[in-house]
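The values are calculated or read from the model by the stated rules, or taken from the named source; none is laboratory data. The structure presented is a predicted model; accordingly, all values stated were derived computationally and were not measured. Heads up, the Cβs are rebuilt from the backbone with ideal geometry, glycines too, and the neighbour counts pull from every protein chain shown.
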Amino acid sequence: FPTNQKMESEESMQLAQAYLNQFYSPDVEGGYLAQARNRSLTEGKIREMQAFFGLTLTGKLDASTLEIMKTPRCGVPDVGQ
Amino acid sequence: YGYTLPGWRKHNLTYRILNYTPDMAQSDVDEAIENALQVWSKVTPLIFTKISKGIADIMIAFRTKVHGWCPRHFDGPLGVLGHAFPPGLGLGGDAHFDEDENWTNDATGFNLFLVAAHEFGHSLGLTHSNDQTSLMFPNYISLNASKYPLSQDDISGIQSIYGGLPKTPAKRKRPSTPRVCDPDLTFDAITTFRREVMFFKGRHLWRIYYDIDDVEYELISSLWPSLPADIQAAYENPKDTILIFKDDNFWMIRGYAVLPDYPKPIYTIGFPRYVKKIDAAVCDHNTRKTYFFVGIWCWRYDEVTRTMDKGYPRRVIKYFPGLGLQVDAVFHHKGFFYFFRGAKQFEYDPKAKNTTRVMKTNSWFQCQEPLDLSSGVSIHKHNAHSRSVEMVYHKNLNMFIFSIMYVLKNINSY
C-alpha cells in the first residue's frame, strides 16, 4: 500500500507540474537550492488556478483540483496575456 | 468573460481549412467549422468567408505534438484539445486542433463544433471565462450541439469587442401568448405556493390547485406588480415564503406581498460572483435543503443554517442521474421532484435517486382534448376557469356520439 500511494502521489505531482507549466507558466528552476522556492511558487500557481475555477484556495493538490486538471480542455493559458 | 483589445479591425474575416481530420467526413468538418463561426456571427457584425488558397485571417489545422513554429505543443490523447491565437498577423487568429483526439460530430468523442466554437472565441479576441455556463469556460463540456451554445456571458464578451448585430428595421412584433397545450411548451420557472403550483412563462403564469380541478391564467404583474417578466427560477421555502429569481437578483414573497428591501443580489445567499443567474430552484421540505441549478451545475443550500452546503456545486448529470445536463424549472410535490427540460418532464424520486416517469411538460393541465387556455379573451380578462369550458365541450361531444350510435342501432334493428 505505502509504495502504491507514494507512486500515485508522485504521478499526481507530475501531472500538476505539467499542467501548471502548460497554463500558468511558472519559472520552475532546477537544482536543490531552488527546491524550496519552487514549492512556494507551485503552491501560488495552484492557488491561482483554484481561484480561476472557483475552488477552495488551499494551494494543495486536493481531489477537486486534480479532477479539474485531468479534465480535457483548451490549450490557451488562463492567465498572462 | 475576458478579452484582448482591439480585436480585428475589420468585420469581414476569411478562414481556410488547411487539412482535415480522418476521424470525420470532410463535409462534416466543413459543416462543424462553418457552424462554429456562425455561432459568433449571429451576435456580432462579423462576416466569415471561406477561402481555399493563400493566407486567411483564421488558418485552421489539425496537428499533433510539436507542430511547425507554433509555440504551443499538443500532448497526445486527452489533456489539451486545441488552441487558438488572438487577432493579429502571423499566427494571430489561427486555430489548431489536436489530431490525437477522437473528433466527432456528435457526443461520442470530442464534438468538433463545440471545441471549434470555443477556439474561434479566442481567434476573435476572447480569453477564458470563469463562468462555468459559458462556452469560453476552458474545460470541455459535452453540450447538446444542436442548441445554441453561447451563454449571456459569451455574448456580452464578444459584443464588448465588436458590438451587437447591425440594427435593421424590423416589423413590430406582437408579443406571442403561450399556449398551455402546445406540445413544445417550456416554462421559465415553477414553484409550489401553499396549496397550488405556479408555472411561470414570460409575463404570465398558470396556477393549478392540489384539491380543485382548475387552472387559472393571469399576468404576473396582476399578482405582484413590482416583479419583472421572464423570471428564471422560483421556489417555496419551509417558512411559507417564495423566492423569485431573475439574473443576479431575487425577491421574497409572503402571501401576496413582495417583502420590502427586495430585490437583493443572489450573492447574499452565498453564490460566488461569477454566478450571474439561476436556472431553477427547488426546496425539499423533508430535508430542508434547497437545490439551485446553474447551467450544468447544482448547488445545495441549507434552509436551517442558511448557508450553502460544502462540496458544491456538483454536476447535475452526476447528482441527478437520468436528467441530462441542465434544468429549465423544477418543483417538489408529494415527495417527488418534477424536473422540466425542453418539452419533457421528469418525475424524480430523491430517496431512490432515480427518474420514475418521463412526461410532457403540460401533463398538469390535462391536455388530451384541444384546449387553449390562453387564447380566449374572456379567460385572459376575467380569469375564467377553463375546466368548466372543457367539461361542457366533453359533454356535448359525448352526447353527439351517443345520439349517432343510438340512431344507427335503431336503423339496424329495423
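Results, tabulated for the structure shown:
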item	result
Single residue of segment B:243-274 satisfying the filter (in a loop (DSSP other than H, G, I, E, B) and more than 15 Å from B:V294 (Cβ to Cβ)) that is nearest to the other protein chains (Cβ to nearest Cβ)	B:P263
Test result for B:F340, in contact with a strand residue (DSSP E or B) (Cβ under 8 Å, 6 or more places away or on another chain) and at pLDDT 85 or above	yes
Qualifying residue in segment B:11-20 (condition: β-branched (V, I, T), within 31 Å of the chain's Cα centre (by Cα) and under 30 Å from B:G164 (Cα atoms))	no
Output for segment B:145-191, where each listed residue is among the polar types (S, T, N, Q), modelled with pLDDT under 90 and farther than 30 Å from B:G7 by Cα	B:S176, B:T177, B:T186
Segment B:73-90: number of residues that are within 13 Å of chain A (Cβ to nearest Cβ) and surrounded by fewer than 18 Cβ atoms within 10 Å (Cβ to Cβ)	6
Some residue of segment A:36-46 being at pLDDT 80 or above, of a type outside the set (F, W, Y) and surrounded by fewer than 17 Cβ atoms within 10 Å (Cβ to Cβ)	yes
Which listed residue, of B:A25, B:A32, B:A95, is of a type in the set (G, A, S), more than 14 Å from every other protein chain (Cβ to nearest Cβ), in contact with a helix residue (DSSP H, G or I) (Cβ under 6 Å, 6 or more places away or on another chain) and on the phi < 0 side of the Ramachandran plot	B:A32
Some residue of segment B:350-359 being surrounded by 15 or more Cβ atoms within 10 Å (Cβ to Cβ) and modelled with pLDDT of 60 or more	yes
Close pairs from segment B:44-68: first within 29 Å of B:G157 (Cα to Cα), partner part of a strand (DSSP E or B) and among the small types (G, A, S), Cβ under 8 Å, at least 6 apart	B:I58/B:A95; B:M59/B:A95; B:I60/B:A95; B:A61/B:A95
Subset of segment A:44-72 that is more than 10 Å from chain B (Cβ to nearest Cβ), β-branched (V, I, T) and in a helix (DSSP H, G or I) - its residue that is farthest from the chain's Cα centre (by Cα)	A:T65
Members of segment B:116-160 found to be away from chain A (no Cβ under 11 Å), of a type in the set (S, T, N, Q) and either out of contact with any strand residue (DSSP E or B) (no Cβ under 9 Å at 6 or more places or on another chain) or part of a loop (DSSP other than H, G, I, E, B) (or both), listed by number	B:T133, B:S134, B:N144, B:S146, B:S151, B:Q152, B:S156, B:Q159
Considering residues of segment B:30-72 that are at pLDDT 90 or above and hydroxyl-bearing (S, T, Y) only, the residue surrounded by the most Cβ atoms within 10 Å (Cβ to Cβ)	B:T44
B:A107 vs. criteria modelled with pLDDT under 95 and among the hydrophobic types (A, V, I, L, M, F, W, C)	yes
Long-range neighbours under 8 Å by Cβ, at least six apart or interchain, first residue closer than 16 Å to B:L37 by Cα and of a type in the set (S, T, N, Q) within segment B:1-22, second in a strand (DSSP E or B) and modelled with pLDDT of 95 or more	B:T14/B:I58
Within segment B:98-115, considering residues that are under 26 Å from the mean Cα position of the chain (by Cα) and within 9 Å of chain A (Cβ to nearest Cβ), the one farthest from B:K147 (Cα to Cα)	B:F110
Pairs with Cβ under 9 Å, 6+ apart, first in segment B:347-371 and under 10 Å from B:F336 (Cα atoms), second at pLDDT 85 or above and of a type in the set (A, V, I, L, M)	B:E347/B:V358; B:E347/B:M359; B:Y348/B:V330
Conditions (1) of a type in the set (S, T, N, Q); (2) closer than 25 Å to B:V115 by Cβ; (3) at pLDDT 80 or above: number failed by A:S12	(2)
